[in-house]
Amino acid sequence: MVCNDCNQNFGKTIDLVFARDSYEGVMLRFKSGIKKQNEFKTLGKSSKSELKLEEGPFKGAYAYLEYIEEENDILPKPVPQVGFLNINNEYEYFKLGEIPNRNELDEKKYKINDPEFYRIFVDHDKSFEELKKKGY
């Protein structure tokens, strides 16, 4: 048991991170019946937790969780990022602001001349700006 001030402090700090801003915390709240899926409130792109897709055609991409009404489910949504195709035919994803310079990717043996060399998620204009600054 904690006092009201401590409870409010925990709700704005620890609870926010562990219960509302982690994949496990979010999913456990819904599976245990504490909340209904349509009550889910995402922290969206400002989320501090990092979710990386582990399988499928976008394996390795960064995402956050969002309730999708049409699906009646909480699903991953991509954050602004660019994926670069490497010689193993896999994409390595970088969030905007973390994109390496083009010459750095040359050294790592990416398929720079491949027509499908990069994938852009979400903010195309900003992504193209960032790519241009980095020499692409």
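Observations
- Some residue of region 29-52 being modelled with pLDDT of 85 or more, of a type outside the set (Asp, Glu) and either more than 28 Å from Arg119 (Cβ to Cβ) or open to solvent by 40 Å² or more (accessible area, probe 1.4 Å) (or both): yes
Residue-by-condition table, conditions (1) surrounded by fewer than 17 Cβ atoms within 10 Å (Cβ to Cβ); (2) outside any loop (DSSP other than H, G, I, E, B); (3) touching a Cys at 6+ places or on another chain (Cβ under 6 Å); (4) at pLDDT 90 or above:
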site: Val82; (1), (2), (3), (4): no, yes, no, yes
site: Leu105; (1), (2), (3), (4): no, yes, no, no
site: Asp125; (1), (2), (3), (4): yes, yes, no, yes
site: Phe128; (1), (2), (3), (4): yes, yes, no, yes
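- Subset tally (residues that are open to solvent by less than 40 Å² (accessible area, probe 1.4 Å) and over 16 Å from Phe121 (Cβ atoms)) for region 84-96: 1
- Hits in region 84-101 (condition: more than 19 Å from Ala63 (Cβ to Cβ) and outside any strand (DSSP E or B)): Ile87, Asn88, Asn89, Pro100, Asn101
- Scoring Val2 on the criteria (1) at pLDDT below 70; (2) open to solvent by less than 80 Å² (accessible area, probe 1.4 Å) leaves a single failure, condition (1).
- Residue match in region 65-76 (condition: at pLDDT 85 or above, open to solvent by less than 50 Å² (accessible area, probe 1.4 Å) and part of a loop (DSSP other than H, G, I, E, B)): no
- Each residue in region 53-64 was checked for being open to solvent by 40 Å² or more (accessible area, probe 1.4 Å) and either within 24 Å of Asp125 (Cα to Cα) or in contact (Cβ under 8 Å) with a residue 40 or more places away in the chain (or both), and 4 pass.
The values are calculated or read from the model by the stated rules, or taken from the named source; none is laboratory data. Every value quoted in this text rests on a predicted model; they were computed, and no experiment measured them. Heads up, the Cβs are rebuilt from the backbone with ideal geometry, glycines too, and the neighbour counts pull from every protein chain shown. These accessible areas exclude ligands, DNA and RNA; they are computed on the full protein's heavy atoms, side chains included. Shrake-Rupley method; radii C 1.70, N 1.55, O 1.52, S 1.80 Å.
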